[in-house]
Amino acid sequence: MGEIRKIECKKCNSSWQLHIGVGLRHGRPEGIAKAFPEEERAGIEDRLEEAGMSGFEFRFTPGSCPDCKNIVSIPRISFNGGGDEIAGACPVCGKRAVDLYDSIEDVACPRCGEAGLLSSHAGYWD
Ligand SMILES: [Zn+2]
Ligand SMILES: [Zn+2]
């Protein structure tokens, strides 16, 4: 089960909801591939099958998109302990140049640059 977090910038009053972690639907390669654009799914499924369920790690982590200036959830698959990674595009604008973070504490506000965003628990997703 993944977690929903509400992220707020007290300086410019921006707020976002992030789905992070991993959901029940991602227990199988087909479910994971669905988190990525359609044209990439077959290739991703092949790589996951090849790696085996213990050969990769999948989760959604926070990302900061410099293009549309949103904090977004990005699906990431890392193979071989993290050296080799497939990361999804920005769900808002579709660009791939998203800065990825493992923890929301490390993210500065993409709109005003303020560090130390407020992050609170807002529920679960599956
Ligand atoms: Zn974007
Ligand atoms: Zn801000």
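Here are a few things to note about the model shown:
- Rounded to the nearest 10 degrees, the inclination of helix 38-51 to the longest alpha-carbon principal axis of the chain is 60 degrees.
- Stretch gain in nm, segment Arg25-Ala97, where the contour uses 0.36 nm per residue and the Cα spacing is subtracted: 23.3 nm
- Percentage relative contact order, the chain, counting C-alpha pairs under 8 Å, at least six apart: 32
- Probe 1.4 Å, all protein chains present, accessible-area order of Cys9, Cys112, largest first: Cys112, Cys9
- Computed extension gain for Arg111 through Lys34, at 0.36 nm per residue and net of the alpha carbon distance, reaches 24.8 nm.
- Note on Lys69/Tyr124: beta-carbon distance plugged into 1/(1 + (r/R0)^6) with R0 of 22 Å gives a FRET efficiency of 0.20.
- The chain: Lys pairs at Cα distance under 25 angstrom, eight or more positions apart or on different chains: 8
- Using a probe of 1.4 angstrom and keeping all protein chains present, the accessible surface of segment 1-117 works out to 54 square angstrom per residue.
- Net dipole in debye of segment 2-125 [+1 Lys, Arg Cβ; -1 Asp, Glu Cβ; about Cα centre; nearest 20]: 620
- With every protein chain in place, segment 2-125: carbon and sulfur % of accessible area (1.4 Å): 47
- Cα centroid separation, segment 21-58 to segment 110-124 (Å): 28
The values are calculated or read from the model by the stated rules, or taken from the named source; none is laboratory data. Remember, predicted model here, so these are calculated numbers, not experimental data. Here Cβ is always computed from backbone atoms with ideal geometry, including for glycine, and neighbour counts include all displayed protein chains. Side chains are part of the model used for accessible areas, which takes the heavy atoms of the whole protein and leaves out ligands, DNA and RNA. Shrake-Rupley method; radii C 1.70, N 1.55, O 1.52, S 1.80 Å.
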